[in-house]
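Bear in mind these aren't lab numbers, they're just calculated from the coordinates by the rules spelled out. Only a predicted model underlies this, so the values are computations on that prediction, with no experimental measurement involved. Glycine also receives a Cβ, built like all others from the backbone with ideal geometry; neighbour counts cover every protein chain displayed.
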Amino acid sequence: MPLVLIHGLFGSADNWGNIAKHFAQHFQVISIDLRNHGRSPHSESQSYADMADDLLELCDVLDLEQIHLLGHSLGGKVAMQFATQYPERVSKLIVVDMAMRAYADEHTHLINAMMTVDLSHAESRNDIDRALKAPISNLMVRQFLLTNLVKVEGQLQWRINLPAIKVNYPKFQAAFSAHFAKPCLFIRGERSQYVQESDIAEIKQHFPKAEFISLPTDHWVHAEQPQLFIQTVENFLV
């Protein structure tokens, strides 16, 4: 059974790294770039329905009749949307540290900071890191955002489509409705605020076969505890 991995906001398929390599020992693993991220095409529109349809098109092109689907954060919402729209195409669903409710704006200031950096005179990622240090004090956040830099004809550019993401960001924040009656696993970080006890009650109403596991992490569950994460996912899929 193929396993499709979906990254979160500002991420890319590359984020899965050794996680994807490990699962490739047991599954056909496909790590995707959401639209306006990574190597995927840019688009002015980016709704959850858009991204679910992108995934459907990919599955059709690759002749994947049914998949296991795993998404983190924004990717978790995309995974829930896909499972809701196309339940016959999903065998098992895994959602990592994401619920269905509306979320506060924690990212617009990051987008603005990235958009206001003058890339024309930057010679290295360190130059851009220094420019982002004042508006974004967290080093780990800056390092993650800097993974979106690429060199085109010797000039550093953002590979991510920041203007479109800024316009569509309110859609990412909004609450949405989903339903999936097959087995699914919700993994949350114990120190993360993304999935709270009240969220679990709501999720159970829409995902009647949901299982819940908490790991000793913040929001980046798979990056902070990769071995525990791998074991948890394997126990559910096998």
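The alpha carbon centroids of the stretch 91-110 and the stretch 178-212 are separated by 12 Å.
Mean separation of Cα pairs under 8 Å and 6 or more residues apart, divided by the residue count, gives the chain a relative contact order of 20 percent.
Where does the longest stretch of the chain lie that holds no trypsin sites (Lys or Arg not before Pro) found in a DSSP loop with 16 or fewer other Cβ atoms within 10 Å? Present the calculation step by step, with values, prior to reporting the outcome.
Details: sites that count: Arg39, Arg101, Lys133, Arg191, Lys209.
The longest uninterrupted stretch comes out as 40-100.
Rounded, prolate or oblate: which fits the stretch 10-130, taking a ≥ b ≥ c as square roots of the Cα gyration tensor eigenvalues, rounded meaning a/c under 1.5, else prolate when a/b beats b/c?
Working: a/c = 2.02, a/b = 1.63, b/c = 1.24.
Prolate is the answer for the stretch 10-130, as a/c is 1.5 or above and a/b outweighs b/c.
Look at [x] 1.21; [y] 1.00; [z] 1.67: the one that is Cα Rg over 2.2 N^0.38 Å derived from this structure is [y]. Normalising the average separation of contacting C-alpha pairs (under 8 angstrom, six or more residues apart) by the number of residues puts the relative contact order of the stretch 108-166 at 37 percent.
Among beta bridges identified by DSSP and lying wholly in the chain, the antiparallel ones come to about 15 percent.
Between Lys209 and His109, what's the calculated FRET efficiency when r is the beta-carbon distance and R0 is 30 Å? Round to 0.05.
Step by step, r from the Cβ atoms, then E = 0.20.
Classified by the C-alpha gyration tensor, the stretch 108-166 has an oblate form. Its axis ratio a/c, with a ≥ b ≥ c, is 1.5 or above, and a/b does not exceed b/c.
Taking every alpha-carbon pair under 8 Å whose residues sit at least 6 apart, the stretch 43-122 reaches a relative contact order of 27 percent. Built from the Cα atoms of the stretch 160-238, the convex hull projects on average onto 6.6 nm², one quarter of its surface area. When GluC sites (Glu not before Pro) are flagged only if DSSP places them in a loop and at most 12 other Cβ atoms lie within 10 Å, the longest unflagged stretch of the chain comes out as 191-238.
Taking amide H atoms as placed 1.01 Å from N in the peptide plane, the amide H of Ile32 lies under 5 Å from those of Leu5, His7, each 5 or more residues away in sequence or on another chain. Summed over qualifying helices (DSSP H, 4 residues or more, each -39500 (n - 2.57)) and divided by its residue number, the chain shows a 222 nm mean residue ellipticity of -11500 deg cm²/dmol. Looking at the stretch 1-86, none of the chymotrypsin sites (Phe, Trp or Tyr not before Pro) sits in a DSSP loop with at most 15 other Cβ atoms within 10 Å of its own Cβ.
A straight Cα-to-Cα reach below 14 Å connects Lys92 with the aspartates and glutamates Glu65, Glu211, Glu234, residues fewer than 8 places away in its own chain not being considered. For the chain, a simple Cβ point-charge model (Lys and Arg +1, Asp and Glu -1, everything else neutral) yields a dipole of about 260 debye relative to the Cα centre.
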